[in-house]
Amino acid sequence: MEVLGREEATMVQVHTIHDGGQWRNRVDGLQQGTAYDDRSCAVAAGRLIVSELGGTFYGHDVDGHVVESWASSARPRRETVTARYTA
């Protein structure tokens, strides 16, 4: 049996990090949006991304340690995965 083009839900990972004196959000490793001077504004924006796309939020401190995390399963994004199954 062979199955191709199966649709699979994937969840994003959003990290709010301190970078170059400002706070930034990275979604799946890529920088998103503008930089923030205030950590709480960046965290709010990052959590909003997670609530819209579904996934996990990680808030880092200035030293890079994760100090908070939050998960949401709301509206996971969909992508087509090509997989071959044989029996």
Query raised in the report: How many of the residues making up the stretch 26-66 are in a strand (DSSP E or B), of a type outside the set (Gly, Ala, Ser) and more than 13 Å from the chain's Cα centre (by Cα)?
Result: 4
Requested in this report: Report whether or not residue 81 is at pLDDT 95 or above, farther than 17 Å from residue 33 by Cα and open to solvent by less than 90 Å² (accessible area, probe 1.4 Å).
Outcome: no
Report task. Output the residue which, of all residues in the stretch 26-40 that are among the hydroxyl-bearing types (Ser, Thr, Tyr) and open to solvent by 70 Å² or more (accessible area, probe 1.4 Å), is modelled with the lowest pLDDT. Result -> 34
Report summary line: Note on the stretch 2-25: residues farther than 14 Å from residue 57 by Cα, part of a loop (DSSP other than H, G, I, E, B) and either at pLDDT 80 or above or within 8 Å of the chain's Cα centre (by Cα) (or both) are 20, 21
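Step by step: first the residues of the stretch 42-64, then only those that are open to solvent by 70 Å² or more (accessible area, probe 1.4 Å) and not charged (D, E, K, R), then the one that is modelled with the highest pLDDT. Which residue is that?
Applying the first criterion (open to solvent by 70 Å² or more (accessible area, probe 1.4 Å)) to the stretch 42-64 yields 47-48, 52, 62-63.
Checking which are not charged (D, E, K, R) leaves us with 48, 62.
Values: 48: 92, 62: 96.
This residue is 62.
The values are calculated or read from the model by the stated rules, or taken from the named source; none is laboratory data. Since the model is a prediction, treat every value here as computed from it, not as a measurement. Each accessible area value is taken on the protein alone, full model and side chains, heavy atoms only, with ligands, DNA and RNA left out. Shrake-Rupley method; radii C 1.70, N 1.55, O 1.52, S 1.80 Å.
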